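Trainee: Here you go, one structure.
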Amino acid sequence: MTETSTRQPALYLPHGGGPCFFMPDPNGTWTGMETFLRGVADILPQRPRAILIMSGHWETEGFAFTGNPRPDLIFDYYGFPADTYSLQYPAPGDPDLAEQARGLLVAAGLPAHVDETRGLDHGVFVPLKVAFPAADIPVVEMSVDHSLDPALHLAAGRALAPLRDDNVLLLMTGMSFHNMRGYGDPRATEPSQQFDTWLTDAASKGPEDRAALLTGWADAPSGRFSHPREEHLLPLLTAAGASGAAGERIYNEIVMKTAISAFRFN
């Protein structure tokens, strides 16, 4: 990370599968993704003062932000080795940032509230433990709105964009392909690549064209196959909404026979 004082980007990153980076991986399934995540800090203009992170594993009526100053971890994965349920990520919360983010959304006419008790789910602490292992940057988690309305999530990104000028990293996590039946199935490779190609092209457009395309993501080639339910895709829309510049793909790999990508919006 350089010390140049410039605005932080908005990122959309894969969070992997459960606690995948913290358990044996003899086939190297997650090696490439882990290496990418370990390099995220190096692509930032400076060390962020805080991280605002959306996870597809938290849905609420209206958007919500964690206001807990010492958030616990929520081990919302099942059937993994016992030691993965004792992982630690003691990053502090930032109640002031949670309230600031809530205020930006409400000012834009969007429903939002602060949850003062919720902790951080694995869509947050697993990738952050890889990307920012010191756990010394305050973290606020943001939920997905249960309506799953793409236009609403784009609008949320636009409302939150000023935080980027306040040295807050907008880091949205999910999986660019998220069909549990497709993972590991070679028949899923081609349709996942079709959607990935479309998604990469859509992300690279200017903000108006990008918004129009992403709002209609379900009509994209293999769109609904890639996301039978879109909670893991919508964080990308919020990242895209926070930028007026063309986006770029910064990671791409075939993982479990499916195309997985990450994106940056400056």
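Trainee: Rank these by accessible area, largest first, 1.4 Å probe: Phe132, Phe225, Phe22.
Mentor: Phe225, Phe22, Phe132
Trainee: With only alpha-carbon atoms counted, please give the Rg and Dmax of the chain, in Å.
Mentor: 17.0, 50
Trainee: For a quick protection proxy, order the peptides 54-60, 66-72 by their average other-Cβ count within 10 Å, most packed first.
Mentor: Packing order, densest peptide first, comes out as 54-60, 66-72.
Trainee: Moving to a separate point now. Counting only other residues whose beta carbon sits under 15 Å from that of Glu230, what net charge do I get with K and R as +1, D and E as -1? Walk me through the numbers before you get to the answer.
Mentor: On the way: positive: Arg224, Arg229; negative: Glu59, Asp145, Asp149, Asp219, Glu231.
My count for the surroundings of Glu230 gives -3.
Trainee: Additional query: Rounded, prolate or oblate, given the Cα gyration tensor of segment 205-266, with a/c below 1.5 counting as rounded?
Mentor: Working: a/c = 2.04, a/b = 1.30, b/c = 1.57.
Because a/c hits 1.5 or more and a/b fails to exceed b/c, segment 205-266 counts as oblate.
Trainee: How many percent of DSSP beta bridges within the chain run antiparallel, rounded to 5?
Mentor: About 35 percent, rounded to the nearest 5.
Trainee: What is the percent carbon and sulfur in the accessible area of the chain, measuring with a 1.4 Å probe over the protein chains and ignoring ligands?
Mentor: 51 percent
Trainee: Mind checking which of Arg224, Arg187, Arg164 has the largest fluctuation in a GNM of the chain, springs on alpha carbons under 10 Å?
Mentor: Arg187
Trainee: Give, rounded to the nearest 20 debye, the magnitude of the charge dipole that the chain has about its Cα centre when Lys and Arg contribute +1 at Cβ and Asp and Glu contribute -1 at Cβ.
Mentor: Values: 19 positive and 32 negative charges, 83 e Å.
Computed about the Cα centre, the dipole is about 400 debye.
Trainee: Ignoring ligands, DNA and RNA, how do Lys205, Lys257 rank by accessible area with a 1.4 Å probe, largest first? Display every interim value, and only then the final one.
Mentor: Details: Lys205 70, Lys257 100 Å².
The ranking, largest first, comes out as Lys257, Lys205.
Trainee: Would you mind counting up the charge near Ala159? Only other residues with Cβ under 13 Å from its Cβ, with Lys and Arg at +1 and Asp and Glu at -1.
Mentor: My count for the surroundings of Ala159 gives +2.
Trainee: Please list Thr117, Thr84 in order of solvent-accessible area, largest first, computed with a 1.4 Å probe with all protein chains present. Let's see the in-between values first.
Mentor: Values: Thr117 115, Thr84 0 Å².
The ordering from most to least exposed comes out as Thr117, Thr84.
Trainee: To continue, here is another question. Work through the residues other than His15 whose Cβ is under 11 Å from its Cβ and net out their charges, Lys, Arg +1 and Asp, Glu -1.
Mentor: Here the charged neighbours net out to 0.
Trainee: Let me ask something additional. Send over a whole-number figure in Å² for the accessible area per residue of the chain, probe 1.4 Å.
Mentor: 40 Å²
Trainee: For the chain, what does -39500 (n - 2.57) per DSSP helix run (n ≥ 4), summed and divided by total residues, give at 222 nm, in deg cm²/dmol to the nearest 500?
Mentor: Result for the chain, helices only: -8500 deg cm²/dmol.
The values are calculated or read from the model by the stated rules, or taken from the named source; none is laboratory data. Predicted model, so just to flag it, every value in this text is computed and none were measured. Cβ sites come from the backbone with ideal geometry, for glycine too, and all protein chains shown count toward neighbours. These accessible areas exclude ligands, DNA and RNA; they are computed on the full protein's heavy atoms, side chains included. Shrake-Rupley method; radii C 1.70, N 1.55, O 1.52, S 1.80 Å.
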